[in-house]
Each structure stands twice: as C-alpha cells, then as structure tokens.
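Have a look at the structure below, then the notes.
The values are calculated or read from the model by the stated rules, or taken from the named source; none is laboratory data. Because the structure is predicted, anything quoted here is derived from the model rather than measured. No Cβ is skipped: glycine too gets one built from the backbone with ideal geometry, and neighbour counts run over all protein chains shown.
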Amino acid sequence: MNRTMLIVVMLTGAMAGYSQPGSARQQGVMPLDALRREPVRPQLDIPYAATDNPRQRLDLYLPNKPGSNRLPVIVFLHGGGWRYGDKASGAAYLMPFVRSGEYAGVSAGYRLSNEAIWPAQIHDSKAAIRWIRANADKYGLDSRRIAVWGRSAGAHLALMLGVSSDVPELEGDLGRHTDMTSAVSGVVNFFGVTDIPALIGQPSDIDRADPLAPEARLIGRALPGNADAARAASPMTYVTPNDAPVLTLHGTADNIVPYNQAVRLDRALTQAGVPSYFISVTGARHGGFPDEAIDRVRDFFSKILLGNDVEIPTGTLNKPEAD
C-alpha cells in the first residue's frame with residue numbers, strides 16, 4: 001500500500017480492539033481527494049531521526065495563507081495500542097486548525113511495540129519535537145509554542161512529553177538535534193493510559209495480567225511482578241510542578257482504558273499545581289465523543305498557543321445520543 005492510500009484507510013487507534021471506533025470524524029479518516037481540497041501545503045514522510053526507518057517520519061501541514069507571525073505547532077500522535085496505527089490518520093484531526101491559518105500541524109509516527117519496546121516510543125516522540133524546533137526557521141514555525149495531542153496510546157505519549165522534559169533518561173539520542181529541548185507548551189489527552197500498574201484489576205475488556213496485553217507488549221514483559229518497569233513507562237511517575245498544562249477528555253464508560261486513569265492524573269496534576277482541565281464524557285466508551293469535545297480542544301489551543309484569554313469549560317459532556 002502506498003503512502004497516499006494510507007490517508008484514505010488508516011484509523012487512529014481503532015485497531016485490534018484497543019480503540020473503539022466512533023464517528024468517521026473521530027476515527028481520523030480523510031480521503032485523499034478531501035486532503036487535496038484543503039487550503040494547506042502538506043509535506044509528507046519527512047525523516048526526523050536521521051534514519052531510513054519509515055516509522056520515524058512526520059507529516060507537516062502548513063496553511064496556504066499563514067499570518068505574518070510564526071505559526072505555533074500542534075503535533076498529533078496516533079493511537080493503536082502502541083502496536084498499530086499510522087501517522088496518516090492525523091490529517092483529519094489537524095485540518096480544522098491548519099486551515100484557519102493560525103497553526104501548523106504535524107502528525108508524527110513512532111516505532112511500534114512489535115519493533116521496539118519502551119522507551120523507544122518516547123525517544124521517537126522527543127526526536128520529532130526536537131526536529132520541529134530545529135527546523136522552525138525553515139518552515140516559519142514558532143519553536144516556543146508547540147503543543148501535543150494524542151488519542152489512546154498516542155495520548156500516553158503526549159502526556160509523557162508533557163511531564164518528562166526534565167528526565168534525561170527519556171530523551172534518547174536520536175536525530176541531529178539533541179542540543180534542542182523536547183519540552184512542549186501543552187497536552188491534549190484523549191483517554192490515555194496514565195498509571196500502568198494501577199490498570200491491573202481495574203474494569204476493562206483487556207486482562208492486564210495477560211502477557212499479551214498492550215502495556216505488557218509495550219514494556220516487553222507481563223505487568224504482574226514488573227511494577228518498576230510499568231511505573232517507568234507511566235506519565236504519573238514524572239508529574240512535577242513545572243509540567244505543561246493538560247486538557248483531558250475521558251469517557252466514564254471507557255471499556256479499554258478505565259476512567260479512573262483520568263481521575264488519577266487530574267488529581268496528581270492538581271496537587272502538583274499544574275493546570276489540569278478535566279472533562280468527563282458521560283456514558284462514552286473509548287471514543288464516541290460529541291462535537292463539543294473538539295470545541296474544548298480549540299479553546300485549549302487558543303489559550304495555550306495563541307495566548308488568548310479563553311475560558312475552558314470543564315465538568316461533563318454527554319456522549320452523542322446515536323452512540
């Protein structure tokens with residue numbers, strides 16, 4: 001399958017039962033002809049780690065008519081249980097923001113767990129952020145304003161970017177820009193795993209004691225008896241007061257990543273003094289969010305990346321009645 005066909009068929013985190021498909025919009029499907037009609041300049045499959053690995057590439061989307069200022073960047077990380085998925089699925093999520101002319105968009109790939117275990121995935125993600133920062137002048141980007149948005153497994157990586165810029169062992173040495181920081185300005189977390197050891201025994205369609213559970217495949221060993229390795233791959237482990245602000249949306253009936261994972265994260269961030277905007281989607285499972293969810297994301301990026309005085313409503317949303 002060629003690169004352009006992937007834009008048509010790939011879903012964000014809707015594979016192998018790890019991420020339940022929602023609406024077509026939520027799945028991230030964007031037909032190629034629709035992408036061609038967008039007022040954007042796509043630059044696809046850019047290597048960010050100085051390798052020929054196709055997973056270590058990113059897609060850059062620039063508006064045709066950007067403003068006079070440098071563009072803040074929204075980076076999207078796909079889901080799929082760290083084992084499936086493709087960066088092509090990020091296009092549909094990024095387009096509403098890029099077509100506004102106010103943002104650039106990046107959808108970054110990363111090595112999957114059947115190729116490399118943790119911390120390869122965060123090393124790749126950080127290398128992508130460093131590449132963006134190092135190439136800001138070339139593409140008219142604002143290296144000081146980079147936020148990340150992920151769904152499911154991609155949200156876990158986005159959270160890790162938000163909490164670990166001061167953790168040297170998670171930086172890795174990929175790419176030609178290791179002198180650059182991998183810090184980000186904000187994180188949008190759509191139902192990501194936050195505390196891997198706490199998954200064991202929580203209500204879910206996945207048995208986390210199974211050595212083939214997604215998190216077990218991620219760290220390369222079963223979760224029971226390997227708490228240290230599980231904690232090392234958990235965003236909760238690294239929360240400190242200087243972390244990036246986080247917007248979290250999580251379904252109260254999530255059957256894959258328990259809702260309690262979001263509750264734990266919000267509590268930890270709040271106790272550390274990190275801005276945490278937590279929205280519960282009543283009755284939603286692993287996805288299936290209403291359109292208002294994207295409105296909250298838009299508000300968050302407006303506040304964090306554009307510096308606008310925007311109130312971000314928290315509390316609850318209701319899942320669409322059709323779901």
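Examine the stretch 103-111 for a residue that is among the polar types (S, T, N, Q), under 20 Å from GLY162 (Cβ atoms) and either buried (at least 24 other Cβ atoms within 10 Å of the Cβ) or touching a residue at least 40 places away in the same chain (Cβ under 8 Å) (or both), and state whether such a residue exists.
Yes, that holds for at least one residue.
Can you name the helices (runs of 4 or more DSSP H) wholly within the stretch 204-323 that have at least 1 residues being surrounded by fewer than 22 Cβ atoms within 10 Å (Cβ to Cβ) and among the hydroxyl-bearing types (Ser, Thr, Tyr)?
Correct list: 260-272, 292-304.
Here is a check on your reading of the model: is GLY154 touching a residue at least 24 places away in the same chain (Cβ under 8 Å) and in a strand (DSSP E or B)?
Taking the combined requirement at face value, the residue does not satisfy it.
Restricting the first residue to the stretch 224-238 and requiring it to be over 12 Å from THR194 (Cβ atoms), which pairs with a second residue that is assigned to a helix (DSSP H, G or I) and modelled with pLDDT under 95 meet a Cβ separation below 9 Å and a spacing of at least six or different chains?
That search, which allows pairs on different chains as well, returns ALA232/GLU169.
Which condition breaks for ALA209 when tested against (1) of a type outside the set (Ser, Thr, Tyr); (2) closer than 19 Å to SER152 by Cβ; (3) in contact (Cβ under 8 Å) with a residue 12 or more places away in the chain?
Here ALA209 meets the rest and fails (2).
Just to be sure I understand the filter: pairs with C-beta atoms under 9 Å, separated by 6 or more residues or on different chains, first member in the stretch 162-181 and on the phi > 0 side of the Ramachandran plot, second member acidic (Asp, Glu) and modelled with pLDDT of 95 or more. Which pairs pass?
GLY172/ASP124
Scan the stretch 86-93 and tell me whether some residue there is outside any helix (DSSP H, G or I), out of contact with any helix residue (DSSP H, G or I) (no Cβ under 6 Å at 6 or more places or on another chain) and modelled with pLDDT under 95.
Scanning the stretch 86-93, I find no residue that is outside any helix (DSSP H, G or I), out of contact with any helix residue (DSSP H, G or I) (no Cβ under 6 Å at 6 or more places or on another chain) and modelled with pLDDT under 95, so the answer is no.
Hey, any hits in the stretch 143-150 for a residue that's in contact (Cβ under 8 Å) with a residue 40 or more places away in the chain, β-branched (Val, Ile, Thr) and more than 26 Å from VAL257 (Cβ to Cβ)?
Looking for residues that are in contact (Cβ under 8 Å) with a residue 40 or more places away in the chain, β-branched (Val, Ile, Thr) and more than 26 Å from VAL257 (Cβ to Cβ), one finds none in the stretch 143-150, hence no.
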